[in-house]
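Working notes, structure below.
The values are calculated or read from the model by the stated rules, or taken from the named source; none is laboratory data. Source: prediction; values computed, not measured. Note that we place each Cβ from the backbone using ideal geometry, even for glycine, and neighbour counts take in every protein chain shown.
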Amino acid sequence: MWSFGPLPGRTVSEWHRELGPIIKLQMGRRTWIVVDDPVLAHKIFVTHGADTSYRAYGTYADKYFSNGARGIAFSQPGVHWNKNRSAALSVLAPKQIKKYIESIHQETSDLVDRLLESTEKNGFTDPYKFNELCFLNVVFNVAFGRRFESVDDPEFLHVINMIETSMKFLSLEKDKPNFLPIVSIIDYFAGTEAKMKHFTDTVRNPAFERFIKEALEKEGPNVVKSLQEDGFDLPDEDRLVLLGDIITGGTDTLSVTFSWNLAIMCHHPELQERISSEIDKFIQVHGRMPTFTERTEVPLCISVMKECMRYRPTTYFGLPHSTDKDIEVDGYILPKGCTIITNMDSMHKNPKQYPVHPEAFMPERFMDNLKTMQSSANGKIEQRDNFNFGWGRRLCPGSYLAEVELFNAFVQVFARCKIEPISQEEYPDITGARENAGLNILPPPYRVRFLKREDTLVIV
Ligand code: HEM
């Protein structure tokens with residue numbers, strides 16, 4: 001348990017190389033089964049999905065974040081979870097997301113303005129906080145019908161702080177009291193659990209109660225109103241946790257993914273030119289930017305975005321599943337109550353799933369697979385592009401919104417900018433990761449320059 005080191009996914013990938021596609025880890029009183037073979041994972045999570053769609057227990061996740069396993073992300077399959085999941089799938093369905101397309105377009109355009117302005121002012125920028133503002137604004141607008149003006153807005157900083165605090169408390173391998181009951185005594189005196197409770201009762205819950213109340217009174221669409229209008233009559237406690245799931249699930253994940261994306265692209269100036277030229281051609285024909293539904297007309301953009309998510313996945317282990325009975329898959333026994341996890345790092349480099357140079361960044365890898373990641377995730381295992389959105393019955397309900405956001409941000413950036421390192425000696429580090437960041441894999445902090453393309457066809 002203490003052997004994970006600061007980058008747990010990388011450590012577990014080493015263990016997989018030595019021990020094979022499925023590893024059993026005894027984490028004190030908890031048994032972890034970690035899988036990095038996509039076909040085996042598909043059998044476990046999809047073929048045996050009825051038995052493996054439970055959530056593993058986590059101290060913060062169960063007791064505090066979900067107010068006792070309410071909402072969707074940390075509740076257990078059954079009537080209650082079904083109701084919350086149907087509500088989330090309905091309010092995040094592609095036809096609902098259509099209502100927010102204009103605002104997504106505006107937020108991603110504002111993101112590019114800020115990246116350019118910040119570079120102009122300081123000579124460089126670390127895009128992370130601007131990404132956070134953009135993606136929080138999108139999901140906050142979808143959920144509550146409101147947004148934040150700038151990265152200095154105290155309320156924005158407060159909400160981001162809430163999300164980051166939750167992400168750190170949710171960190172799987174750091175939940176020591178869950179593994180060793182003795183540690184809960186030390187933890188009690190160190191006050192970690194008291195901090196979780198205090199944060200939830202005095203910071204997270206009151207803030208979300210206020211956001212919900214305000215959303216009900218707002219003009220225009222939002223999830224809080226859609227839940228009511230579409231007849232999803234959830235108790236107040238569930239509604240609060242569900243909205244917490246949506247905001248927490250839909251902000252950091254996007255900011256991290258897009259930060260990797262920009263860092264990787266900085267290493268590939270020629271690819272940037274090809275991407276920009278693909279977008280320019282679309283603009284020349286249509287007189288406007290492409291939308292996500294027109295993605296087949298900008299295939300390189302889609303292929304590169306998918307490859308970035310494969311090359312540098314968003315989370316170390318996704319969200320853990322569990323099982324309510326002993327099950328056998330391909331001769332492996334998964335014991336009742338075990339925690340089942342996918343190791344995203346080595347799974348995305350699996351040579352059977354990605355036969356051509358799995359360790360390398362290959363922009364054209366997905367040129368023949370332009371369907372949405374959402375439909376790929378629901379399709380045949382051999383046609384899955386990546387595993388970032390999880391598995392089977394628990395598959396991320398926000399994946400379509402996530403793709404639309406990433407697409408808009410990506411085409412906005414390369415229609416208007418090029419990304420350069422601040423010097424030939426300082427390129428973004430895309431091999432390491434920020435240490436002890438929680439559930440997500442954050443790139444190490446980096447500085448790059450966003451420069452306006454002289455030949456941009458976009459008039460702002
Ligand atoms: C790049 C962006 C995103 C990534 C990589 C991501 C990843 C994931 C993963 C790995 C899971 C767990 C799946 C499993 O258990 O097998 C998940 C669940 C979830 N995600 Fe996302 N997500 C993203 C964006 C979003 C967005 C935009 C939203 C909402 C607006 C969202 C809301 C949720 C919720 C509510 C769950 C819980 C589903 C359940 O337990 O049934 N996510 N996501």
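Annotations for the structure displayed:
- Filter result for I264 (in contact with a Lys or Arg (Cβ under 6 Å, 6 or more places away or on another chain) and within 16 Å of the ligand (Cβ to nearest atom)): no
- On the stretch given as the stretch 10-35, residues that are at positive phi and touching a Leu at 6+ places or on another chain (Cβ under 6 Å) total 1.
- Breaking point among (1) outside any loop (DSSP other than H, G, I, E, B); (2) within 9 Å of the ligand (Cβ to nearest atom), for D345: (2)
- Candidates are the residues of the stretch 309-328 that are assigned to a helix (DSSP H, G or I) and more than 11 Å from the ligand (Cβ to nearest atom); the one that is farthest from A41 (Cα to Cα) is Y311.
- Subset tally (residues that are surrounded by fewer than 22 Cβ atoms within 10 Å (Cβ to Cβ) and in a loop (DSSP other than H, G, I, E, B)) for the stretch 364-387: 12
- Flag if V241 is out of contact with any Gly (no Cβ under 7 Å at 6 or more places or on another chain) and aliphatic (A, V, I, L, M): no
- E359 meets all of the listed conditions (1) surrounded by fewer than 21 Cβ atoms within 10 Å (Cβ to Cβ); (2) at pLDDT below 95 but one, namely (2).
- Output for the stretch 84-102, where each listed residue is surrounded by fewer than 17 Cβ atoms within 10 Å (Cβ to Cβ) and either away from the ligand (no atom under 12 Å from the Cβ) or within 16 Å of E403 (Cβ to Cβ) (or both): L89, A93, P94, K95, K98, K99, I101, E102
- Index of the failed condition, K24 passing every other in (1) touching a helix residue (DSSP H, G or I) at 6+ places or on another chain (Cβ under 8 Å); (2) not in a loop (DSSP other than H, G, I, E, B): (1)
- Among (1) modelled with pLDDT of 95 or more; (2) under 24 Å from E102 (Cβ atoms); (3) in contact with a Gly (Cβ under 7 Å, 6 or more places away or on another chain) - the single one G249 does not satisfy: (1)
- Restricting attention to the stretch 411-433 and to residues that are among the small types (G, A, S) and over 26 Å from G9 (Cα atoms), the residue that is nearest to the ligand (Cβ to nearest atom) turns out to be A415.
- Residue match in the stretch 149-163 (condition: hydroxyl-bearing (S, T, Y) and either at pLDDT below 95 or in a helix (DSSP H, G or I) (or both)): no
- Of residues in the stretch 98-146 being aromatic (F, W, Y) and assigned to a helix (DSSP H, G or I), the one nearest to P444 (Cα to Cα): Y128
- Hits in the stretch 393-405 (condition: in contact (Cβ under 8 Å) with a residue 40 or more places away in the chain and either within 6 Å of the ligand (Cβ to nearest atom) or of a type outside the set (D, E, K, R) (or both)): R394, C396, P397, G398, Y400, L401, A402, V404
- Index of the failed condition, E382 passing every other in (1) within 12 Å of the ligand (Cβ to nearest atom); (2) of a type in the set (D, E, K, R); (3) modelled with pLDDT under 95: (1)
- Options E270, E328, E297: the member that is surrounded by 14 or more Cβ atoms within 10 Å (Cβ to Cβ), of a type in the set (D, E, K, R) and at pLDDT 95 or above: E297
- Tally, over the stretch 217-241, of residues that are farther than 28 Å from M305 by Cβ and within 11 Å of the ligand (Cβ to nearest atom): 1
- Residues (within 13 Å of the ligand (Cβ to nearest atom) and in contact with a strand residue (DSSP E or B) (Cβ under 7 Å, 6 or more places away or on another chain)) located in the stretch 49-74: T52, S53, Y54, R55, A56, F74
- Some residue of the stretch 9-17 being over 30 Å from M162 (Cβ atoms), surrounded by fewer than 20 Cβ atoms within 10 Å (Cβ to Cβ), of a type in the set (K, R) and touching a residue at least 24 places away in the same chain (Cβ under 8 Å): yes
- Number of the exception - N408 against (1) within 17 Å of N137 (Cα to Cα); (2) near the ligand (Cβ under 9 Å from one of its atoms): (2)
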